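Since the structure comes first, as C-alpha cells, the remarks are kept for the end.
All of the numbers you see were taken from the coordinates with simple rules; none came from a lab. These numbers were taken from a predicted model, which means no experiment stands behind them. When we count neighbours, we look across all protein chains shown, and the Cβ atoms used for this are built from the backbone with ideal geometry, even at glycine.
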Protein chains: 2
Amino acid sequence: MYTCSLERMKDKIKTFSTFGDAGHGGITRYSLSPAAIQARNEFIRRMKAIGAEIETDDVANIYATLPGSDPAAKRIVMASHVDSVKNGGNYDGILGVMSAMEALETVASEKIPHRHPLTAMIWTNEEGSLYPPAMMCSGIVCYDYLPEDIAQKFKYEDMLNSKSILDNKSTFGEALEASGFKGERKNRISPEKYQYMFETHIEQGPILEDEGCDVGVVDCVLGMFNYRVRFYGQTVHAGTFPMKKRRDAFYAASQALCWLHEEIDRLGVPELVYTTGEVVCHPCVHTCVPDYFDFSIDARHEDPKVLEKVLAIVKSCADREWAGCRCEVVKAWNRDTVYWDKKLVGYVKSAAEGLGVSHRYIHSGAGHDAQFASYMLPTTMIFVQSKGGLSHCEPEYSTPEHCTEGASVMLNAVLRADQD
Amino acid sequence: MYTCSLERMKDKIKTFSTFGDAGHGGITRYSLSPAAIQARNEFIRRMKAIGAEIETDDVANIYATLPGSDPAAKRIVMASHVDSVKNGGNYDGILGVMSAMEALETVASEKIPHRHPLTAMIWTNEEGSLYPPAMMCSGIVCYDYLPEDIAQKFKYEDMLNSKSILDNKSTFGEALEASGFKGERKNRISPEKYQYMFETHIEQGPILEDEGCDVGVVDCVLGMFNYRVRFYGQTVHAGTFPMKKRRDAFYAASQALCWLHEEIDRLGVPELVYTTGEVVCHPCVHTCVPDYFDFSIDARHEDPKVLEKVLAIVKSCADREWAGCRCEVVKAWNRDTVYWDKKLVGYVKSAAEGLGVSHRYIHSGAGHDAQFASYMLPTTMIFVQSKGGLSHCEPEYSTPEHCTEGASVMLNAVLRADQD
C-alpha cells in the first residue's frame, strides 16, 4: 500500500485557501473568476512540475495526465472542482482536486509503476453559484448519456447563455472565452479515452464523525424529489380586517409544515432527510396579510418506495384547506438513486482496509459531478470526515490527516483499478 | 341638512381613476409622480372653478379655501391624499379628497352660508410607497406636536433625503423641487390658522358591509405594537445532514406561529387583530436548512391592557427553544390608541342621523394623516363602506352612493362645526 504525504497535503490546503480568501476563514471562488483562475494556474504549475501533460476541453475542464506503461490503455481519472459557493469553505470540491494532485505527486515521487495513464482533473462550474445550474459542465460533457429529463437541462447553447446572478447580464459563455482555459472539444472526458472516474469529497454531513470513521466508502447518490407547496389566501389590511374572515397564506404554510413533519416522521424511516429551505411570501409587507406563500420540499432516500410514501403525504396537502387557503403541490424535479460501480466501490473498501483507515459504507445525499459521469463511465467516490457535518459555509473543516487518508485511499484504489 | 351630488361624485371617481390607471381596474399613483401631478392639477382646476383660493406649503401639501363670513374665524379643513400604493385602488385616499371637493362644490353651488373659511386639502405622500415612510408630510407638519418617539422618525432633513424604492438613489427632496408644488412653509396647516380637521376614508375592512351600514362614525385609531420574532438555527446541507441533529429556523418559526395563534386566540378578545405579514428567510436556498427566519407581528386593539397581554405571549416565545433554535423577540415600534375629538365625533353622528344614513361607531385599524393632525387640532374621521373589506389592491370598491353619503355626512358635520 502507498500513502500520500501529510506535509504536501497541508501545503496544498494552505495555498489553495488563499485563492478567493474572504478574510474570515472561508472563500468565495466562483467558477472562472480571478480567484478560480489562480487556483487553476496553481494546479497546472504543480502538475507540470511532476511532468504531467495538460489539456483543456471546450468548457475549460482541465486534465493533467501522467502517461502509463501501456500506450493502448485508457485513462483513469480523479476529478473534482475548484469553484465554491458564496462564502464557502476550504474543502468542498477543492479537496477532490488536491487529493488527485496528491495521488499523482505520490506516483511521481515514489515512481509507482502503472499501466494506465492517470489523470487529475478539474470540472468547471460544479456549484453553479455564479452561472447556474450546478454541475453544469459534467451535465454538458455527459449530455448524451444522461436520462432525457436531466439532459435537457444541460443543452450546450443554453449553458453558454447562463447569466451571472450578480448582473443578470454577463454570460458563462463570455467568461469561458475570457478565461484563457477554453480548449478543444475533442479533449473532453469520454468512454473512448477514459476507463474509470474517482472523486474524493468531504462528507458534508456528520455521520463519519459521529461514528468515528475517517473515510466513507460511498455506495450511491440518493434519489430525491423536489416539489413546491403553495398556498393561496387573500391580502387584507393588518389593522382593519377581522381575524375570523382572514385567509393568511403564511399561517396556512406554517400549519402545513408542522403537519408534514408529524406525518413524515410517523413513517419512522431511518436515513430519510427532507428539507424546506426556500420560501416565497407575497406581498411580504408587515401591514398586509400574505395572500401567497410557497415553500420548497426536497426529500432524499435510497429507496424509491420510501420517496413514494413521502411524496404521497406531501401531495395530500393539496386535498385540504389550510387556514382558509387553497393549497397546490407542484413538481420541480426528481431523480433516481444512482449506484456507484460495485467493483470500484470494492476497490475503495479494500484500499481503506489495507491502509487500516477507519471507514464505513455511506450514501451521498448531495449531488456531485461523479453522479453525471457515472452514466458514462464506471465511477465511484470517497468521502472524508467533515467536522460537525458543516459545508457550504466558512467553518467547513476536515483535518489534514483525514484529507491525506482520503487521498491515500483513492490512490490505492486507483492503483488496484490500474491492474484491470 | 344638505346633500352632495351623486352625479358630481360619479364624475370625479371616473376622472380621478384615469390618473395612474394601471389598465386592469386600479392605479399606481406614487406621490409627486406624473400621475399624482395630474390628480393635483385636476383638484386645483375644480377648486378654482368654484372660486377657492389655492396655496401650497413647503412639502407640497395643497390647500383650496372658500372664504367664510367672519374674517377672524379659523379655517375648517377636510383633507386626505391622492397618492396610492403600487397597484392600489380608486378609493383609498382619493375618496377623502373627492369628498372634500364635493363638500366645497355643494357649499358653492348651493351658496350655503358659513362663518369659517372652509378648506379642501391634499396631504403629500401619505402612503410612502415610493419614498418611505407612510404619513410622511403629516409627520413633518405635525412634528412639534407628536410624541417624541414618533416625531423623531419625521425629521424634515431626513425626509428630504428619503430615497426612491425604485432606484435607491433619487430623493423625495428632488421630487419635491421638481414637482412645481413646493410652496412656503408659512402656508402649513397649524393650530393658529386652522380650527378643526375632518378626513373621509374608505373603511378598508368588512365591518360596515357585514352590518349593513353605509357610513362609519370613527371614534379612534387603534393602538398597536410591531415586533420581530427571530429564530436562529444552523445551515446544513439538505442531502447530508440527519433530521435529528437539525436546527431548522423555518420549522421553528412555523411551530411558534401556530403556537402564537393558539395562545392569543385563547385570550378570546373581540376586535383584536394580529398579523404576521413580513418574513425573512436565510439563506433561502432549496438545498439548505435555513439558519435564520424572522417574521413581523403587528397587533392592534383599543385597550392597552389587551395589547400588553398579547405582547406578553409574543415575548414568551423567546423563553423556549423551537426545533432546537434560539428565539429572540425585538421591538420595532408601538403607538397608543388615538381618540378623535369627542365633540367632532358627535357632529358626525348627528349628521348621519339627520341625513338618515345607516351608520355605526367604528375604530380605525389603519393609520391616517388625521391621526398625526389630531395631536395638533381637534380632528375626526368618517368611514365609507368598502366592498369585501378590500383595500390597497385593485378590486378596492365603494359604491358612488356610499361615497356621496360619506361626503354629505362630512359636509353637514363641518357645517355644524362652523357654528362653534
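Here are a few things to note about the model shown:
- Under 16 Å of direct C-alpha separation, and excluding same-chain neighbours fewer than eight residues apart, A:Lys245 reaches these aspartates and glutamates: A:Asp291, A:Glu321, B:Glu203, B:Glu209, B:Asp210, B:Glu211, B:Asp265, B:Glu271.
- Percent of C-alpha pairs per 10 Å bin in the stretch B:1-87, short distances first: 15, 41, 32, 11, 1.
- By the beta-carbon count within 10 Å of each Cβ, the least crowded to most crowded order of A:Asp58, B:Asp167, fewest first, is B:Asp167, A:Asp58.
- Antiparallel DSSP beta bridges within chain A, as percent of all bridges there, nearest 5: 65 percent
- Label 7 Å beyond Cα on the Cβ vector: B:Pro71 copy-to-copy distances, nm: 11.7
- Global geometry of the stretch A:121-246, whether rounded, prolate or oblate, following the gyration tensor of its Cα atoms and the 1.5 cut on a/c: oblate
- In degrees, nearest ten, helix B:249-266 long axis to first principal axis of chain B (Cα): 60 degrees
- Nearest-to-axis residue of chain A, judged by beta-carbon position, where the axis maps A onto B, in Å: A:Ser254, 2
- Gain upon complete extension [B:Glu262, B:Lys10; 0.36 nm per residue less C-alpha separation]: 86.1 nm
- Net +/- balance of residues flanking B:Gly25 in space, Cβ distance below 10 Å, scoring K and R +1, D and E -1: -3
- Cα→Cβ-extended label distance, 7 Å offset, between A:Asp336 and B:Ile54, nm: 7.5 nm
- For chain B, Kirkwood radius (reciprocal of mean inverse C-alpha pair distance, Å): 22.7 Å
- Across the stretch B:184-200, rounded Karplus estimates of 3J(HN,Hα) from the backbone phi angles (6.51 cos²θ - 1.76 cosθ + 1.60, θ = phi - 60°) give 9, 4, 5, 7, 4, 4, 7, x, 5, 10, 10, 9, 9, 10, 10, 9, 9 Hz, Gly and Pro being marked x.
- Selected from A:Arg115, A:Arg320, A:Arg45 as most flexible by GNM, with chain A as the system and alpha-carbon contacts under 10 Å: A:Arg320
- The mean sequence distance of close C-alpha pairs (under 8 Å, at least 6 residues apart), as a share of the length of the stretch A:223-335, puts its relative contact order at 47 percent.
- Placing a label point 7 Å from Cα along the Cα-to-Cβ axis, A:Arg185 is separated from the same position in the other copies by 7.2 nm, shortest listed first.
- D_trans [Stokes-Einstein, Kirkwood Rh over alpha-carbon pairs] for the stretch A:42-95, 25 °C, 0.890 mPa s, µm² s⁻¹: 187 µm²/s
- Unit charges on C-beta of K, R, D, E only; dipole of the stretch B:225-335, Debye: 400 debye
- Each copy carries a label point for A:Asp167 at 7 Å from Cα toward Cβ; from one copy, the others' points are 2.0 nm away, ordered from shortest.
- Comparing mean-square fluctuations of A:Ser31, A:Ser69, A:Ser129 from a GNM of chain A with C-alpha springs under 10 Å, the top value falls on A:Ser69.
- Counting only DSSP H runs of at least 4 residues, each contributing -39500 (n - 2.57), and dividing by the residue count of chain A, the helix-based mean residue ellipticity at 222 nm comes to -10000 deg cm²/dmol.
- Of the residues A:Lys244, B:Lys48, A:Lys12, B:Lys163, the one with the fewest other Cβ atoms within 10 Å heads the list, and the complete ranking is A:Lys244, B:Lys48, B:Lys163, A:Lys12.
- Summary value for the stretch B:158-232: 13 percent relative contact order, contacts being C-alpha pairs under 8 angstrom separated by 6+ residues.
- Taken along the Cα-to-beta-carbon direction at a fixed 7 Å, the label points for A:Ala318 and B:Ala178 span 4.7 nm.
- Extension gain from B:Arg185 to B:Glu211, taking 0.36 nm per residue of separation minus the Cα-Cα distance: 5.0 nm
- The stretch B:225-335: equivalent-ellipsoid semi-axes (sqrt of 5 x gyration tensor eigenvalues, Cα, Å): 29, 13, 11
- Note on the protein assembly as shown: with charges restricted to the Cβ of Lys and Arg (+1) and Asp and Glu (-1), its dipole about the Cα centre is near 400 debye.
- Converting phi to 3J(HN,Hα) with the Karplus coefficients 6.51, -1.76 and 1.60 and the offset θ = phi - 60°, the stretch B:110-119 yields 9, 6, 6, x, 7, 8, 7, x, 10, 10 Hz in sequence order, with x at every glycine or proline.
- Expected-Rg normalisation [2.2 N^0.38 Å, Cα atoms] applied to the protein assembly as shown: 1.20
- Computed lengthening from B:Leu166 to B:Asp70, 0.36 nm per intervening residue step minus Cα-Cα distance: 29.8 nm
- Gyration tensor verdict on the stretch B:89-160 (Cα atoms; rounded if a/c is under 1.5, prolate if a/b is larger than b/c, oblate otherwise): oblate
- Dipole moment magnitude, nearest 20 debye, chain B about Cα centre, only Lys, Arg, Asp, Glu C-beta charged: 620 debye
- Distance between the 7 Å Cα→Cβ label points at A:Ser358 and B:Asn41: 8.1 nm.
- Acute angle (nearest 10 degrees) that the helix B:400-417 long axis makes with the longest principal axis of chain B, alpha-carbon atoms: 70 degrees
- Considering only beta bridges that DSSP places wholly inside the protein assembly as shown, some 65 percent are antiparallel.
- Anisotropy class of the stretch B:1-49 from Cα gyration tensor, a/c 1.5 cut: oblate
- Residue with peak Gaussian network fluctuation, chain A [Cα springs, cutoff 10 Å], from A:Gly139, A:Gly346, A:Gly89: A:Gly346
- Residues B:His24, A:His114, B:His368, sorted so that the one with the fewest Cβ neighbours within 10 Å comes first: B:His24, A:His114, B:His368
- Length-normalised contact order for chain B - Cα pairs under 8 Å, 6+ apart - percent: 23 percent
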